[in-house]
Amino acid sequence: MLLEVKGLTKKFAGLRAVHNVDFVVQKGKILGLIGPNGAGKTTIFNMISGSLKPNEGRIFFKEHDITGLSPPRICLRGIARTFQIVKPLPRLTVLENVMVGAFSKVKDPKKARERALEILEFTEQLPKKDVKASSLTLGEWKKLEVSRALATNPELLLLDECMAGLNIKEISDAIHLIGKIRERGVTLIVIEHVMKAIMSISDRIVVLNHGEKIMEGTPEQVANDQQVIKAYLGEEYAKR
């Protein structure tokens, strides 16, 4: 396994945002993380990536305990993430934004530029390399977030609602890009509310509700689980 989460718990002012969550992610696989708003999905990402420390539980990456390490140290270990609310550097160009990610591992500006250009070609954003990030569309911002994360050369990529707010064509493009990322050997954990997308790309899915894991299984198993239907998917989804 590449990542193991054991008994992960996080409290805010006495309220449990995440409680005793366990799951593993196998190398080269895609794990979907779904559940209602407020279920604790992004809080789990924040703990894995180091911006929050769990109150209880441990996080193991490549069998090493990374619990409580800072975000820069987590990144150096090989974990990168995107954010639900996109955070481009608006005054910089697309290329410069991606170079920022590359600088986490590469100190030579020439090599960082080469790395960024290679990533932009891979994500099909090369024609926009000299455009200021402030002038991009939401879909382009989302893809730029992914490009910047990929520039850190991660082994594990955490995608937080990278399809939220996108149109049908952009969602299709995002699904295609996720498939390409996996083909590069990158393992992914994906938070997503677009059920058609998450069901099509995931090998396994973890379902959260009120901070607790209520189900884990294949997309087919999750889609047919009565507890998941009641807590999140709804009867209308089950009838499709």
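The values are calculated or read from the model by the stated rules, or taken from the named source; none is laboratory data. Everything quoted here is computed from the prediction, not taken from an experiment. Reconstructed Cβ throughout: ideal geometry from the backbone, glycine too, with neighbour counts over all protein chains shown.
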Taking the residues in the range 98-115 that are within 20 Å of the chain's Cα centre (by Cα) and within 16 Å of residue 184 (Cβ to Cβ) as candidates, determine which candidate is surrounded by the fewest Cβ atoms within 10 Å (Cβ to Cβ).
105
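Condition first: of a type in the set (Gly, Ala, Ser) and over 17 Å from the mean Cα position of the chain (by Cα). Now tell me which residues in the range 55-83 satisfy that.
Pass one, the range 55-83, residues of a type in the set (Gly, Ala, Ser): 57, 68, 70, 78, 80.
Selection gives 57, 68, 70.
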What pairs can you find where one residue is in the range 162-180 and farther than 14 Å from residue 124 by Cα, the other is surrounded by 18 or more Cβ atoms within 10 Å (Cβ to Cβ) and polar (S, T, N, Q), and their Cβ atoms are less than 7 Å apart, with a gap of 6+ or different chains?
162/82
Quick one: residue 52 ticks every box in (1) more than 20 Å from the chain's Cα centre (by Cα); (2) surrounded by fewer than 21 Cβ atoms within 10 Å (Cβ to Cβ) bar one, so which box is it?
(1)
Residue match in the range 182-194 (condition: surrounded by fewer than 19 Cβ atoms within 10 Å (Cβ to Cβ) and in a helix (DSSP H, G or I)):
yes
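Tally time: how many residues in the range 200-218 are in a helix (DSSP H, G or I), without any contact (Cβ under 8 Å) to a residue 60 or more places away in the chain and under 10 Å from residue 31 (Cα atoms)?
Qualifying residue count, the range 200-218: 0.
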From 175, 198, residue being in contact with a strand residue (DSSP E or B) (Cβ under 9 Å, 6 or more places away or on another chain) and aliphatic (A, V, I, L, M)
198
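Do we have any residue at all in the range 71-79 that's within 21 Å of residue 183 (Cβ to Cβ), modelled with pLDDT of 95 or more and of a type outside the set (A, V, I, L, M)?
yes
Residue-by-condition table, conditions (1) crowded, with 20+ Cβ neighbours inside 10 Å; (2) aliphatic (A, V, I, L, M); (3) assigned to a helix (DSSP H, G or I):
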position: 130; (1), (2), (3): no, no, no
position: 145; (1), (2), (3): yes, no, yes
position: 149; (1), (2), (3): yes, yes, yes
position: 152; (1), (2), (3): yes, no, no
position: 162; (1), (2), (3): yes, no, no
position: 170; (1), (2), (3): no, no, yes
position: 180; (1), (2), (3): no, no, yes
position: 196; (1), (2), (3): no, no, yes
